[in-house]
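Below you'll find the structure, written out as structure tokens, and then a few comments.
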Amino acid sequence: MKTWKKWTSALLAAGVIMGGSTAGMDQSVQAASVSSKVTAPAEVTLKAGGKTLTQKGLLQGGSTWVSLTAVKDVAGGTLKYDAKTKSYTVTAASNAMTVSLMDGQPNVYINGFYPQVEAKLIQGRLYIPFSAMRDYLGVQGSWDAKTKTLTLSKVKQNNVQVKSTKANVTVKNAEVDVQYPQVSGLASKEAEAAINKVLKDEVDTAVAAFKKQTSEFGGATAKRPYAFEASYVVTYNENGVLGLITQRYEDYAGAHGMTYRTGHTFALDTGKELTLDDVLANSKSMRETISKKVGEQLKANTGYLSGYKGLNKDQDFYVTRAGAVVFFQLYEYTAYAEGFPEFKFAYKDILPKGSAPFSNVASEK
């Protein structure tokens, strides 16, 4: 991993880049995260496909941890080890989660994207929290507190492939690593082309802007190069809808680099990019309710600067299996150290009673 990537990874691991506010997010399957005060790991029985797995989960720090081998077996993915980088990569549900031990401590990244996910080396085996399986690797679970049993199953996802595409970009005295998503396998080739165009145009525009800035700024050297990184993560892939976060990082040899994020939510039958209003079933009253709740929590943040008057017309957000997440950019309303403020809302709290997520916007499964 390059030096500037190590810096970015450490920053994210410290929680500087990822905000953490919540508002009604459903945490019902976060296994034992409720009130456990266990300090030493306790064993958790894992089940899948009607059978008890030979591997055990661990209950520690208020969360249930699952080994990478168990993740691979349940997700139906692959697990590979790279001796050169001392890293393990689990590939499943259109994401490649890599746990690197290069620096002695486990660092997690997905398709080059750094989520707020911790990995642990416990008793000589690598573990990730169950929530990371649920959010990124297409595995759901049911927790039985009485027997300390976590029953895992693979989520039925859309019939679409999401692959990482690497752009070959060379800029003098700049470290560049550009990965962006492209989809295939959709019944509608028009929808497929529309989605791919949005994602490719976004990265092409960002690369062009970076090249222009490096030319105007000058001053980059081999010892202190500029840097540009583009990456992504799939956050949702069900009910005919695909959700992603794309991210870019730019560094012009200043005090610190800048990271920018964009949430994308696509209806796979049409290729249309959905707005927050689409997700809320065009409920004006719910938008106003969310806007008020976000404002209350945002202004209660010690890093709040000023300026919030309500949700933006084209509000940044992304979707997960649990709900919708409203977020803001660095410096938009808060100090840099607060990262990306996030506000999470469970589907059951923002949709009409009895409504399934996206039932009003997508038909292709």
- Note on the structure: Looking across region 206-238 at residues that are outside any strand (DSSP E or B) and either in contact with a Pro (Cβ under 6 Å, 6 or more places away or on another chain) or among the hydroxyl-bearing types (Ser, Thr, Tyr) (or both), the single one that is surrounded by the most Cβ atoms within 10 Å (Cβ to Cβ) is Thr214
- Among residues belonging to region 137-156 that are crowded, with 18+ Cβ neighbours inside 10 Å and within 13 Å of Ala75 (Cβ to Cβ), point out the one that is farthest from the chain's Cα centre (by Cα). Leu152
- Could you pull out the residue among Ala281, Ala335 that is touching a residue at least 60 places away in the same chain (Cβ under 8 Å), of a type in the set (Gly, Ala, Ser) and open to solvent by less than 50 Å² (accessible area, probe 1.4 Å)? Ala281
- Message: If I filter region 100-108 for residues that are touching an Asp or Glu at 6+ places or on another chain (Cβ under 8 Å), closer than 30 Å to Tyr180 by Cβ and either open to solvent by less than 20 Å² (accessible area, probe 1.4 Å) or assigned by the TED database to the domain that holds Val178 (or both), do I get at least one hit?
- Response: yes
- Is there a residue in region 173-193 that is assigned to a strand (DSSP E or B), closer than 26 Å to Gly243 by Cβ, of a type in the set (D, E, K, R) and open to solvent by less than 40 Å² (accessible area, probe 1.4 Å)? yes
- Item | strands (runs of 3 or more DSSP E) fully within region 243-341 counting 3 or more residues that are in contact with a Phe, Trp or Tyr (Cβ under 7 Å, 6 or more places away or on another chain), among the polar types (S, T, N, Q) and in the same structural domain as Met133 (by the TED database) | none
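Every residue, every condition in (1) modelled with pLDDT of 90 or more; (2) out of contact with any Ser or Thr (no Cβ under 8 Å at 6 or more places or on another chain), yes or no:
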{"residue": "Thr54", "(1), (2)": "yes, yes"}
{"residue": "Gly57", "(1), (2)": "yes, no"}
{"residue": "Gln60", "(1), (2)": "no, no"}
{"residue": "Val71", "(1), (2)": "yes, yes"}
{"residue": "Tyr88", "(1), (2)": "yes, no"}
{"residue": "Ala119", "(1), (2)": "yes, yes"}
{"residue": "Leu126", "(1), (2)": "yes, no"}
{"residue": "Tyr136", "(1), (2)": "yes, no"}
- Query: If you go through region 81-113, how many residues are under 16 Å from Thr69 (Cβ atoms), of a type in the set (S, T, N, Q) and in contact with a Pro (Cβ under 8 Å, 6 or more places away or on another chain)?
  - Reply: 0
- Message: Can you pull out every residue in region 251-276 that is farther than 29 Å from Ala227 by Cβ and open to solvent by 50 Å² or more (accessible area, probe 1.4 Å)?
- Response: Thr270, Lys272, Thr275
- Message: When the residues of region 288-328 are narrowed to those that are charged (D, E, K, R) and surrounded by 18 or more Cβ atoms within 10 Å (Cβ to Cβ), which ends up farthest from the chain's Cα centre (by Cα)?
- Response: Asp316
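The values are calculated or read from the model by the stated rules, or taken from the named source; none is laboratory data. Everything quoted here is computed from the prediction, not taken from an experiment. Neighbour counts run over all protein chains shown; Cβ positions are idealised from the backbone, glycine included. Just the protein is used for accessible areas: all its heavy atoms, side chains included, with ligands, DNA and RNA removed. Shrake-Rupley method; radii C 1.70, N 1.55, O 1.52, S 1.80 Å.
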